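Let me begin by presenting the structure, written as structure tokens, before commenting on it.
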Amino acid sequence: MKHRGIALAAAALVAAIAVAAAAAAGGGRLSLGPAAQGQEPTYLGYYDGHKDLYVVTDTSSKSQAAAMSINYSSELASVKGAPSQYFISGPAAAGQLAVFGSEPGESDYNPLWEELIVTWKAGVKPVLLVQDDQINALAKKHELTVVDAHIVLNAPILKIEK
């Protein structure tokens with residue numbers, strides 16, 4: 001009788017593990033615990049002419065982490081091939097926001113971003129930059145410069161504002 005109870009308990013444990021493994025493998029809902037509303041700041045950025053809402057949680061730069069009160073992760077610096085996020089430095093058009101090189105639903109979307117700094121050349125009147133192709137075309141025309149900051153951000157897009 002005692003062995004039967006142990007066998008039933010072991011079978012129940014194996015079944016529970018199998019269900020959990022199947023849920024994880026099948027992309028099922030994770031047991032994250034109770035949800036809570038946080039007070040994390042959100043930001044808007046452009047992607048292909050519309051705005052996306054995002055949050056910044058981690059960076060590969062110690063100084064940026066301290067300045068933004070976010071997490072520093074040295075491991076992020078080793079990430080290669082992340083999509084670009086463009087930040088305009090210096091003079092900019094009214095309403096200028098960061099510009100994403102991808103968004104959720106695109107084949108190359110990743111919540112990790114390679115930080116690129118965009119600066120308008122002297123004598124060029126800034127226009128509103130709303131897509132990466134526009135930035136790259138203006139760089140080819142030598143109207144602005146794009147410099148890799150060698151910083152990787154973890155900044156997932158939360159909502160596409162179309």
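We did not get these values from a lab; they are worked out from the coordinates using the rules stated. Being a predicted model, the structure only gives us computed values, none of them experimental. Note: ideal-geometry Cβ built from the backbone for every residue, glycine included; neighbour counts use all protein chains shown.
Checking every one of the GluC sites (Glu not before Pro) in region 25-133 against DSSP loop status and a limit of 14 other Cβ atoms within 10 Å picks out 106. With the convex hull of the Cα atoms taken as the outline of region 15-162, the averaged projected area works out to 11.4 nm².
Taking only the C-alpha atoms of region 106-152, the Rg (one decimal) and the largest Cα-Cα distance, Dmax (whole number), read 12.1, 38 Å. The modelled label-to-label distance for the pair residue 159/residue 80, using points 7 Å beyond Cα in the direction of Cβ, is 3.8 nm. Most simply put, region 36-161 has about 70% antiparallel DSSP beta bridges, counting only bridges with both residues inside it. Of the trypsin sites (Lys or Arg not before Pro) in region 120-158, the ones in a loop by DSSP (not H, G, I, E or B) with at most 14 other beta carbons within 10 Å are 121, 141. Estimated at 0.36 nm per residue, the fully extended path between residue 150 and residue 117 surpasses their Cα-Cα distance by 10.9 nm. Could you calculate the FRET efficiency of residue 39 with residue 142 from 1/(1 + (r/R0)^6), where r is the beta carbon distance between them and R0 is 30 Å, rounded to 0.05? About 0.10, to the nearest 0.05.
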